[in-house]
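The values are calculated or read from the model by the stated rules, or taken from the named source; none is laboratory data. Since the structure is predicted, the reported quantities are computational estimates derived from the model, not experimental observations. Note: ideal-geometry Cβ built from the backbone for every residue, glycine included; neighbour counts use all protein chains shown.
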Amino acid sequence: MEKIIVFGASGGTGRMVIEQALQAGHQVTAVVRNPAAFSLRHPNLDIVEGDVLQLPTLSGKLEGHDVVISCLGIPKIQQTTLYSQGMRNIVACMRQSGVNRIICISSGALEVPAKSSWIMTFLLKNVLQRIYKPVYADMTLMEGILSESGLDWTVVRAPKLTDGKQTQKYKVITNEPLRSIPQISRADLAHYMLSHLKDRNTFRSRVDIAY
């Protein structure tokens with residue numbers, strides 16, 4: 001059993017991570033801005049108030065945890081510092097609390113894999129990367145903060161997310177060319193992260209997953 005603290009707990013993926021972690025017998029802490037609005041309850045779940053953009057609200061909350069999982073996200077396309085400033089604050093608290101392991105969700109569209117089909121290259125560069133430019137720019141800063149942190153980090157670059165069922169039949173697609181738009185269910189994304197909580201082969205690595 002691990003003691004896991006989840007940021008972005010109120011989002012779809014964050015909630016899925018928490019539900020699966022509890023089912024697996026882990027002790028979970030959910031960090032949310034409004035605990036009263038978080039409906040999930042469980043004997044092994046602690047719900048604490050915190051805002052990743054306000055460092056003082058996180059003070060002491062990481063003490064005693066084994067793993068941090070970041071599912072930070074914003075509801076719409078806009079200029080944001082949630083990913084970068086949020087991660088700076090999380091990293092600062094991890095160092096203060098002596099927690100070294102973090103798994104963080106990012107986007108699979110930040111880079112175009114070599115030898116991708118021309119249509120996928122066009123869609124990624126000229127559609128997704130343009131539309132989501134302010135979000136991806138901040139995600140890129142977030143990844144840089146982690147890579148320079150000295151922590152045992154894993155960035156999971158997720159494709160299009162769905163509300164499909166857990167299949168456990170996803171694959172790691174790092175460095176493979178894209179022929180079609182990849183996707184994965186939030187349930188399988190959560191399963192991957194929880195299956196690699198202490199996998200040293202994923203430490204200080206960026207991992208792309210999809211069906």
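Just so you know, in the stretch 21-35 the residues that are more than 16 Å from GLY73 (Cα to Cα) and in contact with a helix residue (DSSP H, G or I) (Cβ under 9 Å, 6 or more places away or on another chain) include one that is surrounded by the fewest Cβ atoms within 10 Å (Cβ to Cβ), and it is ALA24. Residues that are among the hydroxyl-bearing types (Ser, Thr, Tyr) and free of Cβ contacts under 8 Å to residues at least 12 places away in the same chain within the stretch 56-96 comprise just one, THR57. Looking only at residues in the stretch 123-136 that are hydrophobic (A, V, I, L, M, F, W, C) and in contact with a Phe, Trp or Tyr (Cβ under 9 Å, 6 or more places away or on another chain), the one that is surrounded by the most Cβ atoms within 10 Å (Cβ to Cβ) is VAL135.
For the stretch 147-163, the set of residues classified as of a type in the set (Gly, Ala, Ser) and free of Cβ contacts under 8 Å to residues at least 24 places away in the same chain consists of GLY150 only.
Here the condition is being farther than 16 Å from LEU151 by Cβ and touching a Pro at 6+ places or on another chain (Cβ under 9 Å); of THR80, THR57, THR13, THR29, it holds for THR80 alone. Anything in the stretch 168-193 that is in contact with an Asp or Glu (Cβ under 9 Å, 6 or more places away or on another chain) and either in a loop (DSSP other than H, G, I, E, B) or in contact (Cβ under 8 Å) with a residue 40 or more places away in the chain (or both)? List them, or say none. Matches in the stretch 168-193: GLN168, LYS169, TYR170, ILE173, THR174, ASN175, GLU176, PRO182, ARG186, ALA187, ALA190. Answer yes or no: is there a residue in the stretch 151-163 that is among the charged types (D, E, K, R) and either in a loop (DSSP other than H, G, I, E, B) or loosely packed, with under 13 Cβ neighbours inside 10 Å (or both). Checking the stretch 151-163: at least one residue is among the charged types (D, E, K, R) and either in a loop (DSSP other than H, G, I, E, B) or loosely packed, with under 13 Cβ neighbours inside 10 Å (or both). The number of residues in the stretch 1-25 being part of a loop (DSSP other than H, G, I, E, B), within 17 Å of VAL48 (Cα to Cα) and touching a strand residue (DSSP E or B) at 6+ places or on another chain (Cβ under 9 Å) comes to 3. With a requirement of 3 or more residues that are surrounded by fewer than 19 Cβ atoms within 10 Å (Cβ to Cβ), the strands (runs of 3 or more DSSP E) lying completely within the stretch 36-122 that satisfy it span 45-49. Any residue at all in the stretch 101-119 that's more than 22 Å from THR80 (Cβ to Cβ) and at pLDDT 95 or above? Among the residues of the stretch 101-119, at least one is more than 22 Å from THR80 (Cβ to Cβ) and at pLDDT 95 or above, which makes the answer yes.
Which residue is farthest from the chain's Cα centre (by Cα), if the candidates are limited to the stretch 139-179 and must be under 25 Å from ILE77 (Cβ atoms) and charged (D, E, K, R)? Selected residue: ASP163. For the stretch 180-197, the criterion of being over 15 Å from the mean Cα position of the chain (by Cα) and either buried (at least 19 other Cβ atoms within 10 Å of the Cβ) or hydrophobic (A, V, I, L, M, F, W, C) (or both) is met by at least one residue. Scanning the stretch 136-150 for residues that are part of a loop (DSSP other than H, G, I, E, B) and not hydroxyl-bearing (Ser, Thr, Tyr) gives GLU148, GLY150.
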